[in-house]
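Worksheet: the structure to be examined is printed underneath.
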Amino acid sequence: MKKLYTSLFLLILISFGIQGFTSIHFHRSIFPSFSTKEITIDSLLINTYNNTLLSQFYKENQYQTVWTNKSQRETLIEEISKAEEDGLQTTDYNYYKLKNWEQQFSSLADSIVVRYDLLLTISAQKYISHLSKGKLNPRLLYKDWDLKTKKIDVNSLLNKGLSKDSLAIVIEHCKPQHPIYKKLKRALQLLRSYPEESIGLVNLQLKLVPYCKSNYMPIIKKRLAYWGDLKQKDSVPNTVYDKKTQEAIKIFQARHGLKADAIIARSTIDALNYSRNQRIEQVIANMERWRWLPHDFENHYLLINIPDYNLVAVKNNDTLQHQRIVVGKDTRKTPILTSKISNVILNPNWTVPPTILKEDIYPEAEKDRRVFKKKGLQIFDFKNNEIDPKDWTIDEANNYKYVQKPGRNNSLGVMKINFPNNFSVYLHDTNHRNYFGFTNRSLSSGCVRLEKPLEMAEYLLNDAELWNSKKLQDTTNINHYFKLQQKEIAAIEARRLKLLAKNPKLVFKKLDLPKPELKTISITISEDIFIYQWYWTAWENHDILQFREDIYCLDADLYSKLRYNLKSNSIPKSKISDKYYSN
């Protein structure tokens, strides 16, 4: 066939000469493997699409068709066909229309080729944008998310892919490259490999303990077997909660971040009742959230997963710290944010924030003024004069500030970590240290509490000489200062005894040293250490699916918005009215 094309090519050259050849428009059906000629596009036609990005792109390309290369068109269509792998929909990028026009390309009139070219560009721009920064705009979706706006030069990326014939590479690099995102892709692949299920729901109202009987046990066993946690199926629909099923439940509980105690209570029942399709939707929602985040992580960072109650410190791709955390309750959510750590405060005092004052302190104080003393709070007016709690009134309440002195029983504990953010939150110790033994640790007022605060302080300060473990413990322990004072008193008494031995008539004043107090110390972090405080509820680990409770109920709502029909695929494109969606 190639020899035939070559012969025809030479024949035309001989027949018309070089000058005549240059004026000929090849018909696409004769030379389908060649790049087709460029066609000039009327700018007025482009303007009817009401798409600034589209207009800029064709202005940069001198208003000529750009998809003249068959291979590049096929590459784009092939990449769009894989959109489902990233939790996106091929229909959002006109896949079937593009594929249909490509199949008919050789017979398309020039006017249709122009429309096809525009649709290819619109689809590529949207696909690159959605892969790079997500389909939805989190800053418009949520008030408690503080993520930097991702700026993506879509046209530059598209031009690069077309000019260097590297469209597939450009598109791949638009996707998040973090290992957790890749684990989400793997989780989606695994879930889609599971067969369609038709297993009933576990409607237990009371918890089920080992060796009890329940009519729901056959359904429980079927669900465990479906997910692979129960390796052997019972030959008889046994209603006994036997040893084998107990071990399977423990595996299931561990995969879902639950206490692996084999007791089937509310959280375990809820997790059991999730269907395969619900889990797929959950993974897709998580993938979208990851596209909102920076593609390039900094070299050194703390990564917090709020629903997993977990923090890791990573440097040069090595995990150097791991801690359990307590996060905000549903009514006072921990905000999602990215920032850079600025300083560590030892022995912080705590100024009670307005929300806690309004919702917690004031209602209690109106009933009993002694609440201030119980909570260790001092009241100060705007001149920093201390106010006696007996003189406190609700009418004047907002004119005061309420402060807890430093100490182990301070609400912030002995240490806090500051970083710039719009929500006045930080990482800190806590006076409720028993919380870290709980499975559900959504218990704070929005800040993140650390299980091992001084260990984290030592890690961040990274100064073995000035701030080693012992120095940090001594600096934050009031008993250390009492011991120092006792040593000072003993030294003074020893000197006095020596003086009295020489002059028995000497009279000394009674020692009256001030009571030791913890001093608040602020230490700047000189190294660039970033903090990523994020939210993901699904992933896979060595082909084992992991899920966490959606404690802020974000997944289902996000998925429904992702699958909302934008009706933006028509030509000319109508303006999208829904404010939540990215361009």
(message) Show the residue pairs meeting these rules: Cβ distance below 8 Å; 6+ apart or different chains; first residue within the stretch 50-62 and without any contact (Cβ under 8 Å) to a residue 40 or more places away in the chain; second residue open to solvent by 50 Å² or more (accessible area, probe 1.4 Å).
(response) Ser55/Asn47
(request) Identify all residues within the stretch 280-321 that are touching a Lys or Arg at 6+ places or on another chain (Cβ under 7 Å), part of a strand (DSSP E or B) and either closer than 26 Å to Leu554 by Cα or modelled with pLDDT under 95 (or both); write none if there are none. (result) Asn310
(request) Being under 31 Å from the mean Cα position of the chain (by Cα) and among the hydroxyl-bearing types (Ser, Thr, Tyr) is the filter; apply it to the stretch 233-273 and report the residue that is farthest from Ser198 (Cα to Cα). (result) Ser267
(message) Given (1) closer than 23 Å to Asp330 by Cα; (2) of a type outside the set (Lys, Arg); (3) in a loop (DSSP other than H, G, I, E, B); (4) out of contact with any helix residue (DSSP H, G or I) (no Cβ under 9 Å at 6 or more places or on another chain), identify the lone condition not met by Thr439.
(response) (4)
(message) So Leu201 ticks every box in (1) more than 32 Å from the chain's Cα centre (by Cα); (2) in a loop (DSSP other than H, G, I, E, B); (3) under 17 Å from Arg266 (Cβ atoms) but one. Which box is left unticked?
(response) (1)
(message) Being under 24 Å from the mean Cα position of the chain (by Cα), among the aromatic types (Phe, Trp, Tyr) and more than 24 Å from Phe530 (Cβ to Cβ): is that true of Tyr459 here?
(response) no
(message) Residues that are more than 24 Å from Arg433 (Cβ to Cβ) and touching a helix residue (DSSP H, G or I) at 6+ places or on another chain (Cβ under 6 Å): does the stretch 292-304 have at least one?
(response) yes
(request) Considering only the stretch 238-255, state which residues are in contact with a Lys or Arg (Cβ under 8 Å, 6 or more places away or on another chain) and crowded, with 20+ Cβ neighbours inside 10 Å. (result) Tyr241, Thr245, Ala248, Gln253
(request) Go through the residues of the stretch 354-368 one by one and say whether even a single one is assigned to a loop (DSSP other than H, G, I, E, B), among the acidic types (Asp, Glu) and open to solvent by less than 50 Å² (accessible area, probe 1.4 Å). (result) yes
(request) Just give me the residues in the stretch 186-209 being more than 20 Å from Gln246 (Cβ to Cβ) and aliphatic (A, V, I, L, M), in sequence order. (result) Ala187, Leu188, Leu190, Leu191, Leu201
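The values are calculated or read from the model by the stated rules, or taken from the named source; none is laboratory data. Quick caveat: nothing in here was measured; it's all calculated off a predicted structure. Note: ideal-geometry Cβ built from the backbone for every residue, glycine included; neighbour counts use all protein chains shown. Note: accessible area is taken over every heavy atom of the protein model, side chains too, but ligands, DNA and RNA are not part of it. Shrake-Rupley method; radii C 1.70, N 1.55, O 1.52, S 1.80 Å.
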